[in-house]
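Heads up: the structure comes next, in structure tokens.
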Amino acid sequence: MSDAKTVKLVDESSKTQSEMPLISGTLGPACVDIGTLYKDTGYFTYDPGYGSTASTKSAITYIDGDKGVLLYRGYPIEQLAEKSNFLETSYLLLNGELPNKTQFASFEHDITHHTMMHENLKFFLRGFNHDAHPMAMLAGSIASLSAFYHDKLDVDNPEDRKLAAIRLIAKMPTIAAAVHRRSVGWPVRYPRNNLEYVTRFLHMMFEVPSEPLELNPVAAKALDLLFILHADHEQNASTSTVRLVGSTGANPYASIAAGITALWGPAHGGANEAVLKQLEEIGSPDNVETAVKRAKDKNDSFRLMGFGHRVYKNFDPRAKIIREMCHKVLNELGVKDPLLDVALKLEEAALKDEYFVERKLYPNVDFYSGLIYKALGIPTEMFTVMFAIARTSGWIAHWIEQHETPGSRIGRPRQIYTGADVRDYVGADKR
Ligand code: SDX
């Protein structure tokens, strides 16, 4: 790429030209700063899916979609997956550096001593029917936290922002487990401070009063790894939602609740639930060819869920790790799941098919994760809740980064208006 510092926009109609600065970061493509474009030229830019638009500067996560690279604060996801744990990764996303032993102990102590949810949240959850979707209950519960914790909600106060981050990371598993217990009609379990973060969550999910819970350490290790892989991912739809809501000065609980609702969509975090339902619908490796054919048919809305990505035009590095994990965890848990054979056959068929190869459609983070959640005994409708628990660390890290950035403004895109031209009101008797 040239080392030019500006780009010129030539307006053939008015025979004028504008010069716009090029901005570069540590890694990745340079950006054309179009901040004064409208003022200088009277033109907007048009990029409805934001495929060519950088919405902000950020130091948290870097993705190279062509090379399949994912870095959290510069650390490759493969190294964090192998050597770190979710709580340490959360500290890294929030603070920009890996914690030393003292810093980690203090962070873990803070998280552990904020895990309880307000007792009245139990009654809030009782207001839902038992068959309410867990994501509906989670989004409502997290939004309600600003009703329970309105004491420290000054978004301009760094201490209040830090406390909100601790409270959200700490309480998300407690509330998620309580949502599950509501769905199955079991009494809520209180967090046990003597357990580490993920084991504590599994205990709240599955422990019943009638017998002690035997927790397999393989399950906790597998879930901790899945949480690391889902913790952040640059300016994806839900993180962009959190930032847009945060840009209005909304409190952190409202901003994160907005992220949860954006994540729910099947094109985004809801895909992990949709993948499992799709594998069940396909049912057997023998039906894979038909599924691939349907996915290619423009007249059929059927898409291979868990395939494709706006940024990755190569293998999603998280999908590679989860795929290997899938075999290992199912073997270690002694789980034989015929849907794994369907998934492997589907992946093999798609990766050989010209339609997918041409469009660079590879399995993404959601393709295999559901098979592991299922092997851990997590219900399908709770899969996106798992994604939300993990992504809370990324969301709140971005929300804090946005508030720490001087000169941050409210997000307010413009549009191309395609409606009626100006016209006069016509009385009902003349219509
Ligand atoms: C996540 O942004 C992130 O980082 C998200 C995420 C994160 O960590 O935050 O990585 C998590 O959301 C992963 C994505 C999970 N969603 C799915 O698995 C749903 C299935 N995938 C698709 O809906 C789609 O691939 C998207 C939504 C993921 C990406 O959509 P894009 O970038 O808008 O791509 P597109 O719809 O423009 O597709 C380009 C072409 C189209 O065909 P043509 O118009 O060129 O003929 O590829 C086709 C699409 O029809 N296509 C698919 C397909 N995905 C894209 N065809 C069949 N099956 C698919 N899954």
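Scan the stretch 21-66 for chymotrypsin sites (Phe, Trp or Tyr not before Pro) in coil per DSSP, keeping those whose Cβ has at most 15 other Cβ atoms within 10 Å, and list them by number.
Tyr43, Phe44, Tyr46, Tyr50
Roughly to the nearest percent, how much of the accessible area of the chain is carbon and sulfur, given a 1.4 Å probe?
Roughly 53 percent of what the probe reaches on the chain is carbon or sulfur.
Okay, helix-only estimate at 222 nm for the chain: each DSSP H run of n ≥ 4 adds -39500 (n - 2.57), divide by all residues, round to 500 deg cm²/dmol; what do you get?
After summing the helix terms and dividing by the residues of the chain, the value is -15500 deg cm²/dmol.
Could you list the trypsin sites (Lys or Arg not before Pro) in the stretch 347-429 that lie in coil according to DSSP, counting only those with at most 16 other Cβ atoms within 10 Å of their Cβ?
Listed in order of number, the matching sites are Arg359, Lys360, Arg409, Arg414, Arg423.
Looking only at Ile63, Ile372, Ile34, which one moves most when the chain is put into a Gaussian network model with springs between Cα atoms under 10 Å?
Ile34
Picking from Leu215, Tyr312, Thr241, whose Cα lies most toward the positive end of the charge dipole for the stretch 206-340 (charges on Cβ: Lys, Arg +1; Asp, Glu -1)?
Tyr312
I need the calculated FRET efficiency for the pair Asp33 and Ser13, taking r as the beta carbon distance and R₀ as 25 Å, to the nearest 0.05.
Efficiency for this residue pair is about 0.60.
I want to make sure I understand the PRE zone here: with the label point 7 angstrom from the Cα of Asp47 toward its beta carbon, which residues in the stretch 1-37 have backbone N atoms less than 16 Å away?
Within reach of a label on Asp47: 7-9, 20-25, 28-37.
Could you give the length gained on full extension between Asp424 and Lys336, defined as 0.36 nm per residue of separation minus the Cα-Cα distance, in nm?
Value of the extension gain: 24.8 nm.
Of Lys352/Lys374; Lys298/Lys345; Lys122/Lys162; Lys293/Lys352; Lys122/Lys171; Lys67/Lys320, which ones are farther than 19 Å apart at the Cα?
Violating the 19 Å limit, Cα to Cα: Lys352/Lys374; Lys298/Lys345; Lys122/Lys162.
For the chain, state what percent of all Cα-Cα pairs lands in each successive 10 Å bin, counting from 0 Å until the bin that includes the largest distance.
Cα pair-distance distribution for the chain, in percent: 4, 19, 29, 25, 15, 6, 2, 0, 0.
Using the beta-carbon distance between Ala147 and Val218 and R0 = 35 Å, what value does 1/(1 + (r/R0)^6) give for FRET efficiency, to the nearest 0.05?
Rounded to the nearest 0.05, the efficiency is 0.35.
Which trypsin sites (Lys or Arg not before Pro) in the stretch 172-248 sit in a loop by DSSP (not H, G, I, E or B) and have at most 14 other Cβ atoms within 10 Å of their own Cβ?
Counting only loop positions with at most 14 other Cβ atoms within 10 Å, the trypsin sites (Lys or Arg not before Pro) in the stretch 172-248 are Arg192.
Quickly work out the Asn299-to-Thr405 label distance, labels modelled 7 Å from Cα along the C-beta direction, and quote it in nm with one decimal.
4.6 nm
Given labels modelled 7 Å from the Cα in the Cβ direction, how far is it in nm from Lys277 to His118?
Using points 7 Å along Cα→Cβ, the separation is 3.2 nm.
Averaged per residue, what accessible area in Å² does the stretch 106-232 show with a 1.4 Å probe, protein chains only?
Using a 1.4 Å probe on heavy atoms only, each residue of the stretch 106-232 averages 42 Å².
How much net charge surrounds Ala271 when only the other residues with a Cβ under 12 Å from the Cβ of Ala271 are counted, with Lys and Arg +1 and Asp and Glu -1?
Local charge sum for Ala271: -1.
In the stretch 252-267, which residues have a backbone nitrogen under 17 Å from the label point lying 7 Å from Asp156's Cα in the Cα-to-Cβ direction?
Of the residues in the stretch 252-267, 252 have backbone N under 17 Å from the label point off Asp156.
Within the chain, which complete DSSP H helices have Cα atoms spanning at least 24 Å along the helix axis and a mean Kyte-Doolittle hydropathy of -1.0 or higher?
Taking the DSSP H segments of the chain (at least 24 Å long, mean hydropathy at least -1.0), we get 158-184, 383-404.
Could you work out Rg/(2.2 N^0.38 Å) for the stretch 270-376, with Rg from alpha carbons only?
Ratio of Rg to 2.2 N^0.38 Å for the stretch 270-376: 1.01.
The values are calculated or read from the model by the stated rules, or taken from the named source; none is laboratory data. Please read all numbers here as calculations on a predicted model, not as lab measurements. A quick note on method: Cβ atoms are made from the backbone with ideal geometry, for glycine too, and the neighbour counts reach across all protein chains shown. Accessible surface is based on the protein model in full, side chains and every heavy atom, while ligands, DNA and RNA are left aside. Shrake-Rupley method; radii C 1.70, N 1.55, O 1.52, S 1.80 Å.
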